[in-house]
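The values are calculated or read from the model by the stated rules, or taken from the named source; none is laboratory data. Every value quoted in this text rests on a predicted model; they were computed, and no experiment measured them. With ideal geometry, Cβ positions are generated from the backbone for all residues, glycine too; neighbour counts draw on all protein chains shown. Please note that ligands, DNA and RNA were not included when accessible areas were found on the heavy atoms of the full protein model with its side chains. Shrake-Rupley method; radii C 1.70, N 1.55, O 1.52, S 1.80 Å.
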Amino acid sequence: MSQPGNDFESLLQREAPPEVERMGLTWLVGAAIATAILWQIPGGDYILYPFTILATWFHEMGHGLMALLLGGQFQKLQIFSNGSGVASYAIRTSLGSIGPGLVAAAGPMGPPLAGAALILASRSFTTASLSLKILGSFLLLSTLIWIRSLFGLVAIPLLGLIILGISFKAPRWMQGVAIQFLGVQACVSTYHQLDYLFSYTAGPLGLSDTAQMQRYLLLPYWFWGGLMAIASLIILVQSLRVAYREE
């Protein structure tokens, strides 16, 4: 009779099936809840620090890329060691109030949309591995093109290299776990600064994103904050449902 340890090693060495190994749904939901709670308590930022920086990158890239999509300019991106960031961009004046409103919304909605894409990519090993490679490469590319802060020039390429290393060197099961965990973290990051969604100002930076939406899209900032908080949760739940749906 073989020993249990040998059986486990044989299982790890066995050729992985076409579908990528995925974390149990219960574990993913638990990770999402634990993350949301940790971000609300003192010291939680330090435990989740790499994901805080990645969420800031998603957020600020959302602003900049939306400006580009609307025909404007994405000038530079600054990310700081305290987890904050600033995207500098210019928007075409011909778009009226819709353009600035969409760019403001693209920041808070960038992480959950990116997270949903990563979770959905976990349905097969090919898409999971490719998505890790794209994410890692885009982190490096953004460093060359847009990032202009000293901390960002160190932290963002480091994250990119780690993700690329996982995509090239890690076994299939680890890539599956990584893509889903990163996706969940991105979706839940909306709740990192939940008070920010319901704040009118962003300190020395001026108006918050939701206040900008109020300015250009009329409805009050707290309405937009609540809408995006609910939308982020729906996006997470639906992406998990699709990822775990049997064919």
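Each residue of the stretch 144-160 was assigned a 3J(HN,Hα) from its phi angle through the Karplus expression (A = 6.51, B = -1.76, C = 1.60, θ = phi - 60°), giving 5, 8, 10, 6, 9, 10, 4, 4, x, 5, 9, 6, 5, x, 4, 4, x Hz with x at Gly and Pro. Note that the stretch 93-104 has calculated 3J(HN,Hα) couplings of 5, 5, 7, x, 7, 5, x, x, x, 5, 5, 5 Hz, one per residue in order, obtained from phi through the Karplus relation 6.51 cos²θ - 1.76 cosθ + 1.60 (θ = phi - 60°); glycine and proline are x. Here the 3J(HN,Hα) profile of the stretch 222-234, calculated from phi with Karplus coefficients 6.51, -1.76 and 1.60 at θ = phi - 60°, is 5, 5, 5, x, x, 4, 6, 5, 5, 4, 4, 5, 4 Hz, Gly and Pro shown as x.
Do you know the relative contact order of the chain, to the nearest whole percent, from alpha carbon pairs under 8 angstrom that are 6+ apart? Present the calculation step by step, with values, prior to reporting the outcome.
Working: 383 pairs, mean separation 61.4, N = 247.
That works out to 25 percent.
Could you calculate the FRET efficiency of A34 with T127 from 1/(1 + (r/R0)^6), where r is the beta carbon distance between them and R0 is 22 Å, rounded to 0.05? Plugging the Cβ-Cβ distance into 1/(1 + (r/R0)^6) gives 0.25. When the Cα positions of F198, L153, P100 are compared along the charge dipole of the chain, P100 comes out farthest toward the positive end, with charges on each C-beta of Lys, Arg, Asp and Glu.
In whole Å, what three semi-axes, largest first, describe the equivalent ellipsoid of the stretch 70-135 built from its Cα gyration tensor (square root of 5 times each eigenvalue)? Numbers along the way, then the final one.
Working: eigenvalues 162, 54, 25 Å².
Each semi-axis is √(5λ); the values are 28, 16, 11 Å.
Tell me the volume per residue, in Å³, of the convex hull enclosing the alpha carbons of the stretch 175-221. List each step's numbers first, then the result.
Values: hull volume 4.4 nm³, N = 47.
Here the figure is 94 Å³ per residue.
Computed from label points 7 Å out along Cα-Cβ, the spacing between L68 and M174 is 3.1 nm. Amide H to amide H distances under 5 Å link Q75 with S88, Y89, A90, where only residues 5 or more positions off or on other chains count and H is placed in the peptide plane.
Within the stretch 61-129, report the trypsin sites (Lys or Arg not before Pro) that DSSP leaves as loop and that have at most 14 other Cβ atoms within 10 Å. Loop-located and lightly packed - R92. Rg over Rh for the chain works out to 1.01, using Cα positions for both radii and the Kirkwood form for Rh.
A viscosity of 1.002 mPa s and a temperature of 20 °C, combined with the Kirkwood radius over C-alpha pairs in the Stokes-Einstein formula, give the stretch 126-247 a diffusion coefficient of 128 µm²/s. Per-residue accessible area (protein heavy atoms, 1.4 Å probe) orders R172, R148 as R148, R172, starting from the largest.
Sequence-distant contacts, meaning Cα pairs under 8 Å at least 6 residues apart, place the relative contact order of the stretch 54-179 at 27 percent.
Our summary of shape: the Cα atoms of the stretch 104-147 have principal axis extents of 31, 25, 6 Å, ordered from largest down, in whole angstrom.
Spin-label model, N82 to L158: label points 7 Å out along the Cα-to-beta-carbon direction sit 1.9 nm apart.
What's the extension gain from R241 to L205 if we count 0.36 nm per residue and subtract their Cα-Cα distance? Before the final figure, lay out each step's value.
Working: separation 36, 0.36 × 36 = 12.96 nm, distance 3.79 nm.
Result: 9.2 nm gained on full extension.
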